[in-house]
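Working notes for the structure below.
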Amino acid sequence: MQQRSAWQIQRAVVFALVMRELKTRLGGRWMGVVWLVGEPLAAMTVMLWLRTDIRDRTERAGYDMVIYTMVSLLPFLMFRNLWTQISRAITSNSALFIYKQVKPLDTAWARTIVELIIKFLVYGIAFMVASRLDYGPVWPRDTLGYLTVILLFTILGFSIGLISCVVVHFVPRLSVLISLTQMPLYLLSGALFRVDNLPPTVVQVLMWNPLLHLTELSRLFFLSGYPIMRGIEFAYPVKFTVVLTFLAVCTYWVNRQELAGRS
């Protein structure tokens, strides 16, 4: 029998974990698919309803409020869900680490793949519905730029999720704190509204938040003629992502044996 390479083993393990994750979330039924995709769509619909009907606003800066909100909210939700799911990856799959082939990092990869599959389904359905309802535009002004922003959101979610995963493994109670910090990020990252109406001193502090830069850049790359906030730049979130990813990998590597429960 031909011996498999390390890459082939890891690929098989991650694939098996992805299938296990999908089966767990779907519950083995088609209604699971509807819930898995429908739940984030329903949450986004409620937020859009609050911004349009409750506040009686259908436009923002000359753009349809639906599109204006979707292009920044969907990437942010992907970041948030990646952070949440990966932070729980090790504790949820700890029983699998008795098999030497399964590494803690594999569970994080599997959950990342599952989240990307779900969110791209949500993306497709959301923009198809928006197109049918005559909202627009439904295609980015700068497709490459917008995809780059989504990639940065994804890497940030993975990195902070991996760090949180290690921290929660040693201090489980911090999982509550992680959940509590996510809601304020909606407001501090400009995912629901622009923050430039806040006092200048507050805006200066918020500029340290890379998610705010990515949120504004997502609108800039999607909407033609979007008036981007002063101080927003592309280089800062890129540098922040690189540094955070390096720290996440180092944090995992130092603690990998303890995370797997092996000496």
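The values are calculated or read from the model by the stated rules, or taken from the named source; none is laboratory data. Predicted model, so just to flag it, every value in this text is computed and none were measured. Counting neighbours? That spans all protein chains shown, and the Cβs are built from the backbone with ideal geometry, glycine included.
Quick one: in segment 106-127, of everything that is of a type in the set (D, E, K, R) and within 13 Å of the chain's Cα centre (by Cα), which residue is nearest to Phe15 (Cα to Cα)? Walk me through it before giving the result.
Taking segment 106-127 and keeping what is of a type in the set (D, E, K, R), we get 106, 111, 115, 119.
Filter again for within 13 Å of the chain's Cα centre (by Cα), leaving 111, 115, 119.
Working: Arg111: 11, Glu115: 14, Lys119: 18 Å.
Residue satisfying both the conditions and the ranking: Arg111.
Quick test for you: out of Ala126, Ala89, pick the one residue that is touching a Lys or Arg at 6+ places or on another chain (Cβ under 8 Å), in contact (Cβ under 8 Å) with a residue 60 or more places away in the chain and farther than 20 Å from Leu214 by Cα. Before you say what the answer is, go through the steps one by one.
Numbers: Ala126 fails: touching a Lys or Arg at 6+ places or on another chain (Cβ under 8 Å).
Going through Ala126, Ala89 in turn, the sole match is Ala89.
Of everything in segment 91-105 that's over 16 Å from Gln8 (Cα atoms) and of a type in the set (S, T, N, Q), which residue is farthest from the chain's Cα centre (by Cα)?
Ser94
The rows are residues; the columns are (1) crowded, with 23+ Cβ neighbours inside 10 Å; (2) assigned to a helix (DSSP H, G or I).
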site	(1), (2)
Pro172	no, no
Ala191	yes, no
Val203	no, yes
Leu212	yes, yes
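Of the conditions (1) at pLDDT 90 or above; (2) part of a helix (DSSP H, G or I), Glu258 satisfies every one except a single condition; which number is it?
All conditions pass for Glu258, except number (1).
Can you name the condition, by its number, that Val176 falls short on among (1) aliphatic (A, V, I, L, M); (2) surrounded by 12 or more Cβ atoms within 10 Å (Cβ to Cβ); (3) free of Cβ contacts under 8 Å to residues at least 60 places away in the same chain?
(2)
Mind checking which residues of segment 142-155 are closer than 22 Å to Leu223 by Cβ and in contact with a helix residue (DSSP H, G or I) (Cβ under 6 Å, 6 or more places away or on another chain)?
We begin by selecting, within segment 142-155, every residue closer than 22 Å to Leu223 by Cβ; these are 142-154.
Scanning segment 142-155 gives Asp142, Gly145, Tyr146, Val149, Ile150, Leu152, Phe153.
Please indicate, with yes or no, whether at least one residue in segment 133-147 is touching a Phe, Trp or Tyr at 6+ places or on another chain (Cβ under 9 Å), within 24 Å of Arg25 (Cβ to Cβ) and among the aromatic types (Phe, Trp, Tyr).
Within segment 133-147 (the criterion being touching a Phe, Trp or Tyr at 6+ places or on another chain (Cβ under 9 Å), within 24 Å of Arg25 (Cβ to Cβ) and among the aromatic types (Phe, Trp, Tyr)), the answer is no, since none of the residues qualifies.
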